[in-house]
Amino acid sequence: MLFIVIIWLLVTGILWQSHRHGHLKHDYYLDACALGALGLVTVGFFWRLFSTPKVWMPVGGGDLVSFLYPLYSFSARSLRAGDIPLWNPYLYGGAPFAADNQSGLFYPVNLLFFLWNPHLSFEAMQWLSVFHFYLAGICAYLGLRYIERRPMKRWAALAGASAFMFSDLFVTHFGNLNMIACAAWLPLIFCLFRRALDEHRLGLAAGAGAFLGVAALAGHIQPLLYIVLGLGLYWLYHLYNQRPWKWRSLVCAAAVLAVTLGVAAGVAAPSLVPAYEM
């Protein structure tokens, strides 16, 4: 945790000095300060984990210890040994592992975590859940602040991010790590998708698709389906607002949707294709 604080202070200082000397036109160091504030709020919310040893969150461990910990521990040991765990020999007489969508095997955050911490403890699983609360705050802050060309005021984006990261979904499902990991990316996905439709920019659509694919790799299908449903409903709403319709606007809207879903399918294919086959 101290290492993260040092890195944040270093990045903030570099941005501030660059802005002060005219090398950076935008005052991005204030955004870095806002993200640091979200980190402090996260630490304050989970003060018991930081101050009290042997605390179990949720109480009794929930799915975090009974379901996800064995999966993630097996993944970490296998990857550290140089094996991609396609098969789980410990379930019944053996069962597909990578094809189990909830294994989260190919989720980038999990991969980094497994390689860095091959001997997982339950405490490490708790910290991974806490990290995704903070990640949800970062995505919500960036998604709200830059949802339009003219950035939203920082205090408003900060308030919205705090409300999102400590909303019912995240607090209630602290032990359902793969669920909150998937949902954490929602604000950033929607921001990029909305701006891609408004500005007719396929690059932003590709970005939305990339993050949607990453969310799919987190390994929980329900929030993923809700995100896709939300994007689809907003796409229809966007088309409704474009009346009277012109062929160019319809083609652009269709291209944005196709690129978003196509890139997402490509990124998530290592998890979704074997899951579909199983």
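The values are calculated or read from the model by the stated rules, or taken from the named source; none is laboratory data. Being a predicted model, the structure only gives us computed values, none of them experimental. Positions of Cβ are generated from backbone atoms using ideal geometry, with glycine treated the same way; all protein chains shown enter the neighbour counts. The protein model used for the area step is the full one, side chains on, heavy atoms only, and it has no ligands, DNA or RNA in it. Shrake-Rupley method; radii C 1.70, N 1.55, O 1.52, S 1.80 Å.
Once you list every other residue whose beta carbon is under 13 Å from the beta carbon of ASN176, what net charge do they have if Lys and Arg are +1 and Asp and Glu are -1? Counting the neighbours of ASN176, the net charge comes to -2. One decimal place: the segment VAL55-HIS26 gains 6.2 nm when fully extended, by the rule 0.36 nm per residue minus the C-alpha distance. Stretched out straight at 0.36 nm per residue, the stretch from HIS119 to ARG248 would grow longer than its current Cα-Cα span by 41.0 nm.
Where the accessible area of the chain is counted over protein heavy atoms with a 1.4 Å probe, how much of it, in %, is carbon and sulfur?
Using a 1.4 Å probe with all protein chains present, the chain comes out at 69 percent carbon and sulfur.
Think of the chain as having a plus end and a minus end, set by charges on the Cβ of Lys, Arg, Asp and Glu; of GLY143, LEU86, SER167, GLY143 sits farthest toward the positive end of this dipole. Electrostatic tally near GLY209: other residues with Cβ closer than 14 Å to its Cβ, Lys and Arg +1, Asp and Glu -1, net +3. Counting every C-alpha pair in the range 220-278, the share spaced more than 19 angstrom apart comes to 42%. For SER271, the shell of other residues with beta-carbons less than 14 Å away shows a net charge of -2, using +1 for Lys and Arg and -1 for Asp and Glu. Entry comment: accessible area of the range 125-185 is 40 Å² per residue, from protein heavy atoms only and a probe of 1.4 Å. Think of each Lys and Arg Cβ as +1 and each Asp and Glu Cβ as -1; about the Cα centre, that makes the dipole of the chain roughly 940 debye. Scanning residues 5 or more positions from TRP87 or on other chains, those with amide H under 5 Å from its amide H are PHE97, ALA98, with H placed 1.01 Å from N in the peptide plane.
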